[in-house]
């Protein structure tokens, strides 16, 4: 499928925010997937995720959710990145900016926001959980190795805290060898979702580290990544088509 890509801008509180957008060519509207960055910002791999989703038939968009705090792609030291940018980005800001992204997409008439999905990775994986709890219009969420029992900004809730508000069908993709996201916490959120009558599947890949989908990182695991991507597309196909 041929696709069209662009960097777009949209109004947000306090100014403007850019986003990388990829979509199929031809007449829409297409089902929409929000793509939420790793802690490293909207870099080349996140853009590639958008393009792959567009090739699968989706309007995929990755907003620059650190726009007020700085350019994460220019900071090489992870500790400094977390201290100087990530820890300063409150959930309230992110939720509002994702809402603005959905409004922008709807205004283009190229995205069908009644068929809204979200995916995210690491920091963005947690945000996928949180936005599913924030916006009842989200039909499907695929958080990839997003922490569920901790937040990045002091005072923000955890994904476990928002389970009662989640309406979306959630597919969680996790590495079994990820010390930052203990397996018991992902099991707990799966159990909490089921107890609350939600649609959920938690997939944990044995002996697999954090960041296993990111093919530019040493943590990449080809077998798990290919299986996870297929599961993501199947999930979106089931709940957004």
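FYI, it's all coordinate maths here, none of it is from the lab. In this text the structure is predicted, and so the values were computed from the model without any measurement. Because the Cβ atoms are built from the backbone with ideal geometry, glycine has one as well, and the counts that use them run over all protein chains shown.
Using the Kirkwood radius built from alpha carbon pairs, what does the Stokes-Einstein equation give as D for the range 116-241 at 37 °C and 0.692 mPa s, in µm² per second? D, rounded to a whole number, is 231 µm²/s. One equal scatterer on each Cα of the range 1-64, no solvent, Debye formula: the resulting log10 I(q)/I(0) at q = 0.14, 0.20, 0.23 Å⁻¹ is -0.37, -0.72, -0.90. Highest-first packing order for the peptide set 230-236, 95-101 is 95-101, 230-236, based on the mean count of other beta carbon atoms within 10 Å. Per residue, the chain reaches -11000 deg cm²/dmol at 222 nm when only DSSP H runs of four or more residues are counted, each adding -39500 (n - 2.57). Using the alpha carbons alone, the radius of gyration of the range 3-240 stands to its Kirkwood radius in an Rg to Rh ratio of 0.93. From the largest down, the range 21-154 spans 44, 29, 25 angstrom on the principal axes of its Cα atoms. Whole angstrom only: what separates the Cα centroid of the range 194-241 from the Cα centroid of the range 1-65? Centre-to-centre distance over Cα atoms comes out at 20 Å. Just 167, 132, 48 to compare: in a GNM of the chain, with alpha carbon springs under 10 Å, which one fluctuates most? Answer for the Gaussian network model of the chain: 48.
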